Amino acid sequence: MRTIRHRSRSLLIVALALVTSTAFADKKGGSKPKPAPAAGGGGGAGNGGAKGGGDAGGEIEMDPSTTPPTAGSGSAVDSGEIQMDDDANKPPADLSADLAANDAATAKVNGEGVKKTPLSWKDIIVVIRKPFLKIRRTELNPFVATTMNDNMIRHEAIGGELSYWLTDVLAVGVEGQYYVHSFAEPFDLIARQARRLPTVNQYNWSTALDFHYVPVYGKFAVLDHKVITWEAYFTAGIGVGQSEVVPRDKAFPGFTNLLIQPNVGASMRFFLAKWLTINFGVRDYLFLDKFEPTNRSLMKNGTAAEAQSNADSAFVNNIMFQIGLSFWLPTSFDYTTFR
């Protein structure tokens with residue numbers, strides 16, 4: 001009896017195991033095949049059948065790329081693809097052909113509608129004209145001057161110069177100056193402290209033949225409103241002048257010297273109008289001067305001629321600063337060359 005019961009239990013367990021494995025296999029791999037889409041159905045019907053999912057055994061189709069296009073779709077492109085670029089169907093670009101077409105169009109535009117007009121010299125402007133011309137004009141330059149390098153005796157001068165400009169950069173002229181003098185403070189200090197009087201000469205007058213050359217010309221703006229032109233020029237000349245000895249002892253007469261005076265200088269001129277300029281310059285007058293002899297008080301005869309024959313000589317640089325106005329004749333000028 002025990003054997004039969006034991007066998008029946010074993011058979012029951014085996015039967016239950018077979019039933020369980022069969023049910024598990026049906027659940028895992030026993031899905032139904034997909035139904036084929038209807039041939040004549042529209043896009044809406046087919047999508048509706050796919051969405052329903054009741055006949056598909058609970059599965060949802062995510063990628064319809066394998067599904068052939070339906071009759072009502074109206075496009076040969078697969079429903080799962082997006083067309084991004086249509087340039088693949090275009091022919092390849094030709095750069096040389098594009099450039100040739102552009103050149104042809106440009107030549108056509110340039111060749112049509114161009115109106116040619118005759119030119120004249122007045123239409124060609126390369127550089128603006130100089131606002132002031134000096135060629136074949138006369139310059140009358142009154143000026144004042146003062147000594148710059150003598151600390152014993154100071155000379156102020158009033159003078160003038162008359163120049164004729166052969167070209168716009170070259171002129172020849174004559175000048176004349178009359179001097180007045182005054183003693184500077186060191187002259188009295190030396191007399192009081194050293195008990196000796198300095199030996200000095202005063203200048204009376206001078207005249208010279210001068211040549212002027214203009215190498216520099218320019219212009220500048222004043223407060224970005226007024227343009228002023230200017231030029232720098234050099235001067236060299238030769239002339240004569242007179243100096244007079246200032247005797248240390250008033251009991252002895254003085255004497256005068258006639259001097260050969262070369263001069264060199266540099267100046268600047270600013271143009272204010274067509275007939276008016278203002279000038280600033282420095283002029284150096286070079287000469288060999290004669291001074292009162294230091295032993296004049298020991299001479300038996302202190303005449304001017306004897307003192308002059310025994311005079312001491314020294315080379316002098318008389319540097320003068322000059323400022324003046326120039327008046328130009330004629331007062332206007334005309335251009336005779338093309339612009």
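Any residue at all in region 273-296 that's closer than 27 Å to ARG137 by Cβ, without any contact (Cβ under 8 Å) to a residue 40 or more places away in the chain, exposed (fewer than 14 other Cβ atoms within 10 Å of the Cβ) and not charged (D, E, K, R)? Yes: region 273-296 contains one or more residues that are closer than 27 Å to ARG137 by Cβ, without any contact (Cβ under 8 Å) to a residue 40 or more places away in the chain, exposed (fewer than 14 other Cβ atoms within 10 Å of the Cβ) and not charged (D, E, K, R). Answer yes or no: is there a residue in region 245-264 that is within 36 Å of the chain's Cα centre (by Cα) and aromatic (Phe, Trp, Tyr). No, the conditions are met nowhere in region 245-264.
The set of residues in region 202-244 being within 45 Å of the chain's Cα centre (by Cα), assigned to a strand (DSSP E or B) and of a type in the set (D, E, K, R) consists of ASP210, LYS219, LYS226, GLU231. Picking from residues in region 309-325 that are surrounded by 14 or more Cβ atoms within 10 Å (Cβ to Cβ) and among the β-branched types (Val, Ile, Thr), the one that is farthest from GLY159 (Cα to Cα) is VAL316. Within 27 Å of MET152 (Cα to Cα) and in contact with a Gly (Cβ under 8 Å, 6 or more places away or on another chain): is that true of PHE234 in this structure? Considered against the rule, which asks whether it is within 27 Å of MET152 (Cα to Cα) and in contact with a Gly (Cβ under 8 Å, 6 or more places away or on another chain), PHE234 comes out as no.
The one condition from (1) under 21 Å from PHE315 (Cβ atoms); (2) at pLDDT below 90; (3) of a type in the set (Gly, Ala, Ser) that GLY237 does not meet is (2).
Scanning region 230-248 turns up no residue that is among the aliphatic types (A, V, I, L, M) and without any contact (Cβ under 8 Å) to a residue 24 or more places away in the chain.
The values are calculated or read from the model by the stated rules, or taken from the named source; none is laboratory data. Because the structure is predicted, anything quoted here is derived from the model rather than measured. Cβ sites come from the backbone with ideal geometry, for glycine too, and all protein chains shown count toward neighbours.
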